[in-house]
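*Asks:* Pasting a structure below so you can have a look.
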Amino acid sequence: MTSLRVSWQAVLALLLMALAAAMPDMVTAGGRPDTASFLQSGRALILALPAAAAALSFIRMPHPIEALLLFIAAHLTAWLLISGIAGFEGTAQLSFFFVLAAAWLLAWRCVSILS
């Protein structure tokens, strides 16, 4: 019996996080001097949170603990993205949507575990 449990949602979330990390910005500057938003300054946290949760979900653990981990990571990531884009509506780059899709995949994995 292996100690790893691989899910396609977590693998795809990690792939999306790698693509988002390879891109420079989450929002466009748009010529505004105040572009140092939370999305730019907190980029490492926003990228690390779903990636760490996806990687940890590969480890075989009790389902309630795994579901709680994924629930917290997916919802905290979504909250960070939504609160970070405030004031920069319409300037989201592709990396923003990659991270958002990764959070959605983690939430999907959470629901799969709970069901």
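The values are calculated or read from the model by the stated rules, or taken from the named source; none is laboratory data. Just so you know, these numbers come straight off a predicted model, no measurement behind them. Neighbour counts run over all protein chains shown; Cβ positions are idealised from the backbone, glycine included. Side chains included, ligands, DNA and RNA excluded: accessible areas come from the protein's heavy atoms. Shrake-Rupley method; radii C 1.70, N 1.55, O 1.52, S 1.80 Å.
*Asks:* So GLN9 passes all but one of these: (1) modelled with pLDDT under 90; (2) touching a Lys or Arg at 6+ places or on another chain (Cβ under 8 Å). Which condition number does it fail?
*Replies:* Failed condition: (1).
*Asks:* On the given criteria, is LEU106 in contact with a Leu (Cβ under 8 Å, 6 or more places away or on another chain), at pLDDT 95 or above and open to solvent by less than 90 Å² (accessible area, probe 1.4 Å)?
*Replies:* yes
*Asks:* For the stretch 94-103, enumerate the residues that are surrounded by fewer than 18 Cβ atoms within 10 Å (Cβ to Cβ) and more than 10 Å from the chain's Cα centre (by Cα).
*Replies:* LEU94 - this is the single residue of the stretch 94-103 that is surrounded by fewer than 18 Cβ atoms within 10 Å (Cβ to Cβ) and more than 10 Å from the chain's Cα centre (by Cα).
*Asks:* Can you report the number of residues in the stretch 91-115 which are in contact with a strand residue (DSSP E or B) (Cβ under 9 Å, 6 or more places away or on another chain) and not in a helix (DSSP H, G or I)?
*Replies:* Result for the stretch 91-115: 3.
*Asks:* I'm checking my understanding of the structure. Among residues of the stretch 57-93 that are within 13 Å of the chain's Cα centre (by Cα) and farther than 20 Å from SER115 by Cα, which one is most open to solvent (accessible area, probe 1.4 Å)?
*Replies:* TRP79
*Asks:* If you don't mind, there's one more thing I want to ask. Looking only at the stretch 79-103, how many residues end up being of a type in the set (S, T, N, Q) and more than 17 Å from ALA22 (Cβ to Cβ)?
*Replies:* Counting residues in the stretch 79-103 that are of a type in the set (S, T, N, Q) and more than 17 Å from ALA22 (Cβ to Cβ) gives 2.
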